[in-house]
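First the structure, in the form of structure tokens, and then the observations on it.
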Amino acid sequence: MNNASQGGRHRNRRRFLPVLVTVIAAVLVAALAGCQSSGSPKSKNTKGPDLDDVSVSVTATAAPSTAPAVLRAADFVLGEGPETSAYTMEPDTDPTEASLFEDPIPTCMELSQSDLGGRSTDHANGPVFTDDAVGTNIRSFAAVYASTSTVSKHRELVRHDRFAGCWGRALVDELISDGDDATLLGTNWATPPAGATDRIQIQLTLLTEGTEIELHVDMVTIFTGQVESTIFIINPFEPIDESVLGTLTNQVEKKIAKQ
């Protein structure tokens, strides 16, 4: 597929790599503030609430409709709840679509239009969750597709040998083009939390004001049926705590299971 057709496909899509660069800048500021206030990197693990202490309410299930329900992408993003109560929540006001397969990822992976499949029928960007004391930033986005085969195709693309490396390289190149001194340390597939289909980790460093900060990006995908939902977590110094990642994933997985 030529560059013109690639550009046509993505012209109306959200430019997610620049968005992540802005997020990383915010994480970096918070991480530096933490270093300066403590004299050394503080503990970075963000512990979620004790789920044993969360009361569970039972809601009556409506009688099934004779017509199939229309799937709404907004129903499948990470939202407010006990799993996110430890974070500050702000709405994501950008209405345009985020995508894991925006340029330069397809070019790097040598993908064609047919490889990418059809467009989504609906999309949504979840609220942004932050812990300014630690520097953690969490966001999510979801899309609904008319065909389950498109979601299956995308699931295989995420597992492509080049996907993780292309994403890590693209992210660091975007940071460098934005004027940052960034170095890619590594990309790898990691064991996904229960309910997730895949998990990719990107590790990089940023040098600013004479201080080098190590950042960890977790990309958790939950691609099931007609729905794709992705959770992004950016954490300074070390990956986010596994138990926290599990509770965040569990919230989204339960929503997708109801489609």
Taking protein heavy atoms only, a 1.4 Å probe, and rounding to whole percent, the accessible area of region 144-187 owed to carbon and sulfur comes out at 42 percent
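Which value, in nm² and rounded to one decimal, describes the direction-averaged projected area of the C-alpha convex hull of region 142-205? Each step should come with its number before you reach the end.
On the way: hull surface 22.1 nm².
The number I arrive at for region 142-205 is 5.5 nm².
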What list of ³J(HN,Hα) couplings, whole Hz, do you get for region 207-212 from phi and the Karplus terms 6.51, -1.76, 1.60, once you set θ to phi - 60° and write x for glycine and proline? 10, 8, 6, x, 10, 9
When only the heavy atoms of the protein chains count and the probe is 1.4 Å, how do Thr93, Thr205 rank by accessible area, highest first? Thr93, Thr205
Between Ala257 and Trp189, 0.36 nm times their residue separation minus their Cα-Cα distance comes to what? 22.1 nm
Rounded, prolate or oblate, given the Cα gyration tensor of region 191-239, with a/c below 1.5 counting as rounded? prolate
Gain in length, Ser147 to Cys108, computed as 0.36 nm per residue apart minus the alpha-carbon separation, to one decimal in nm? 11.5 nm
By accessible area of protein heavy atoms, probe 1.4 Å, what ranking do Arg199, Arg169 get, highest first? Arg169, Arg199
Ignoring everything but the protein chains, give the 1.4 Å probe accessible area of Thr22 in square angstrom, nearest 10. 100 Å²
Might you tell me the accessible area per residue for region 170-252, computed with a 1.4 Å probe and given in Å²? 35 Å²
Efficiency by 1/(1 + (r/R0)^6): what FRET value for Ser243 and Asp94, r their Cβ-Cβ distance, R0 = 35 Å, to the nearest 0.05? 0.70
Cα extents of region 66-198 along the three principal axes, largest first (Å): 57, 41, 30
Test of understanding: express the Cα radius of gyration of region 171-259 as a ratio to 2.2 N^0.38 Å, with N the residue count. 1.24
Long-range amide H contacts for Thr136: which residues qualify at under 5 Å (H placed 1.01 Å from N, peptide plane, sequence gap of 5 or more or a different chain)? Asp131
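The values are calculated or read from the model by the stated rules, or taken from the named source; none is laboratory data. From a predicted model like this one, the values you see are computed outputs, not experimental measurements. In this analysis, Cβ positions are derived from the backbone assuming ideal geometry, glycine residues included, and neighbour counts consider all displayed protein chains. Note: areas computed on protein heavy atoms with side chains; ligands, DNA, RNA excluded. Shrake-Rupley method; radii C 1.70, N 1.55, O 1.52, S 1.80 Å.
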